[in-house]
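These notes concern the structure reproduced below.
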């Protein structure tokens, strides 16, 4: 089973070779970090909580509006490779279980989300130092990172399902943008924990680093969403196979 | 005209209108949520506030919405590899023009829906008096022009690149850049900040009394230049797109 999985991941990596898709994950957090740091330094008289203030400036718009859409774009790209020409035939007749093929795609999406999150944190640290913050880096950042990454995996699963079902490249990206914006509303109404697009922002403590969240609930809800959406995707792939026959 | 009609035939059953409705629906939900249950004071300034609240939402959403629209219209050709076939029947410039007009008609529909919605919402909330029609008409026309300039930029990218990730990421980047511009000044010479220049209302916040006062904007000379830049971008993007697409190897 492990050999199958490694083979699927390698195949997906080959498909993505020399594709500049990672550039988006590299450049958008830079814009957000630049803007956040600029805003922080201009309002340093009001924003007194140092790292915590800087964190809210860095992550608010990025986490709510842009990361879901960015992950959506990447997931759309992953499935677009199969949607174009007759690639579905070769994908569905590959000598690997469908669940493994799906896990190969999910792994790529998760990998890029993990790296993007690492990049966000690295930018946060560098910008903090450049902005003149001398206090030690907050210990909670590791928790933010882990919870945020889990939330990103949830978005990956949701978007992979949409991009699998919808042949258009652009519509799932629009759904992700709308999902992110609606996530803002849901978090404001205290329903964030039950809404897949809010889990990422809540995990990252975007806009509110002092927010108390119930971590076991976050873990259970994230795991639930991951299982449900992954199962739906694999089920859809099986149905798709029958349709292709 | 035939090319334009063909464009509409190509997108039949592609549910582009439905997609746009869904995305604009998010804007409507945002507007509904943001100013729900206004008090008497807010009702007095309601019509101006409505004009103030639309541009920030457009700055965030419209670059991405326009990238989705342009990508949907261009993708029909990429997926079917139809450029060679189409270019032998019609000049590439005419094909590009038809796509631009087709998108412009969608934008017109979207903009009409947005403004009808905010006017209906204003009356439903019981705002005092009536909207100032001159200002609302100016806001509508400038909003239309901003959307068109962004659409033409996105169409250019979507037609030139087979990989639709590039134009969509450009759209997302544009949304983010617009957001940043919003914090700098209420006007911008960049295409993504056009909605800011087009805003007909401005706000004055008194930190001591914590009272917000909305007023109709009086444009300075620089701001007027920023507004005219929206129309310059339309010409630039359309011309560049038409030339680049005509020269593109199919």
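Given just the C-alpha atoms of chain A, how large is their convex hull per residue in cubic angstrom?
Residue-normalised Cα hull volume stands at 128 Å³.
Which residue, B:29, B:128, B:104, tops the fluctuation ranking in a GNM of chain B built on C-alpha contacts under 10 Å?
It is B:29.
Specify the inter-centroid distance of the stretch B:1-68 and the stretch B:101-155, based on alpha-carbon positions, in whole Å.
Distance between centres, Cα-based: 8 Å.
Take every residue in peptide A:163-169, count the Cβ atoms of other chains within 10 Å of its Cβ, and give the average of those counts.
Values: counts 0, 0, 0, 2, 3, 10, 12.
That average works out to 4.
Is the shape of the stretch B:101-147 rounded, prolate or oblate, going by the alpha carbon gyration tensor and its root eigenvalues a ≥ b ≥ c, with a/c under 1.5 for rounded and a/b larger than b/c for prolate?
Note, shape of the stretch B:101-147 comes out oblate.
Given the -39500 (n - 2.57) contribution per DSSP H run of 4+ residues, what per-residue ellipticity at 222 nm results for chain A, rounded to the nearest 500 deg cm²/dmol?
Taking each H run of at least 4 residues, the total per residue is -26000 deg cm²/dmol.
Can you give the FRET efficiency to the nearest 0.05 for residue B:213 and residue B:113, using r as the Cβ-Cβ distance and R₀ = 35 Å?
E between residue B:213 and residue B:113, to the nearest 0.05, is 0.70.
Percent relative contact order of chain A, based on C-alpha pairs within less than 8 angstrom and at least six residues apart?
29 percent
Order these by the 10 Å Cβ neighbour count, fewest first: A:157, A:127, A:75. Working shown, then result.
On the way: A:157 25, A:127 21, A:75 29.
Ranking A:157, A:127, A:75 by Cβ neighbours within 10 Å, fewest first, gives A:127, A:157, A:75.
I'd like the orientation of helix A:170-188 relative to chain A: the angle between its Cα long axis and the longest Cα principal axis, in ° from 0 to 90, rounded to 10.
In chain A, helix A:170-188 runs at an angle near 40 degrees to the longest axis.
Cα convex hull of the protein assembly as shown: mean projected area in nm², to one decimal?
That works out to 25.6 nm², a quarter of the Cα hull's surface.
With N residues in the stretch B:179-250, what two-decimal value do you get for its Cα radius of gyration over 2.2 N^0.38 Å?
Values: Rg = 17.4 Å, N = 72, 2.2 N^0.38 = 11.2 Å.
This ratio for the stretch B:179-250 stands at 1.55.
Please work out the FRET efficiency for the pair residue A:47 and residue B:76, using the Cβ-Cβ distance as r and a Förster radius of 51 Å; give the result to the nearest 0.05.
That gives a FRET efficiency of 0.60.
Report the Rg/Rh value for chain B, based on alpha-carbon coordinates and the Kirkwood definition of Rh.
1.02
Suppose R0 equals 60 Å; then what is the FRET efficiency for residue B:204 and residue B:240 from their Cβ-Cβ distance, rounded to the nearest 0.05?
0.95
Kindly provide the Kirkwood hydrodynamic radius of the stretch A:124-245 in Å, to one decimal, from all pairs of distinct alpha carbon atoms.
Evaluated over the stretch A:124-245, this radius sits at 16.1 Å.
Using 7 Å Cα-to-Cβ label points, what is the residue B:128/residue A:232 separation (nm, one decimal)?
Calculated label separation equals 4.8 nm.
Using alpha-carbon pairs under 8 Å, 6+ residues apart, how would you state the relative contact order of chain B in percent?
Rounded, it is 29 percent for chain B.
Classify the stretch A:1-53 from the C-alpha gyration tensor, please: rounded if a/c falls under 1.5, else prolate or oblate depending on whether a/b exceeds b/c.
Judged from the Cα gyration tensor, the stretch A:1-53 comes out oblate (a/c at least 1.5, b/c at or above a/b).
Enumerate the residues in the stretch A:99-120 having an amide nitrogen under 19 Å from the point lying 7 Å beyond the Cα of residue A:219 toward its Cβ.
none
Counting other C-beta atoms within 10 Å, which of B:42, A:12 has the fewest, and how do the rest follow?
Sorted ascending by nearby Cβ count, the order is B:42, A:12.
Run the quick spin-label model on residue B:90 and residue B:189: label points 7 Å from Cα toward the beta carbon, then report their separation in nm to one decimal.
Spacing of the two 7 Å Cα→Cβ label points: 3.7 nm.
Pairs of alpha-carbon atoms within less than 8 angstrom and 6+ residues apart define the contacts here; what relative contact order does the stretch B:148-250 have, in percent?
Averaging sequence separation for qualifying contacts and normalising by length gives 33 percent for the stretch B:148-250.
Pairing the Cα long axis of helix A:98-130 with the longest principal axis of chain A, what angle in degrees results, from 0 to 90 and rounded to the nearest 10?
20 degrees
So, by mean Cβ neighbours within 10 angstrom, what's the order for B:64-73, A:212-221 with the highest one leading?
B:64-73, A:212-221
Roughly how far apart, in whole Å, are the Cα centres of the stretch A:119-149 and the stretch A:4-70?
12 Å
To the nearest 10 degrees, how steeply does helix B:165-184 sit against the main Cα axis of chain B, on a 0 to 90 scale?
Taking the Cα atoms of chain B, the angle to B:165-184 is about 20 degrees.
Quick one: A:121, A:137, B:117, A:61, fewest Cβ neighbours within 10 Å first, how do they rank?
The order, fewest Cβ neighbours first, is A:137, B:117, A:121, A:61.
Rank A:11, A:109, A:206 by mean-square fluctuation in a GNM of chain A with C-alpha springs under 10 angstrom and give only the top-ranked residue.
A:11
Looking at chain B as a GNM with Cα springs under 10 Å, which of B:102, B:225, B:146 has the largest mean-square fluctuation?
Of B:102, B:225, B:146, the most mobile in the Gaussian network model is B:225.
Just so you know, all these numbers are worked out from the coordinates, no wet-lab data involved. Bear in mind the structure is a predicted one, so any value in this text is a computation, not a measurement. Every residue, glycine as well, gets a Cβ built from its backbone with ideal geometry; the counts of neighbours run over all protein chains shown.
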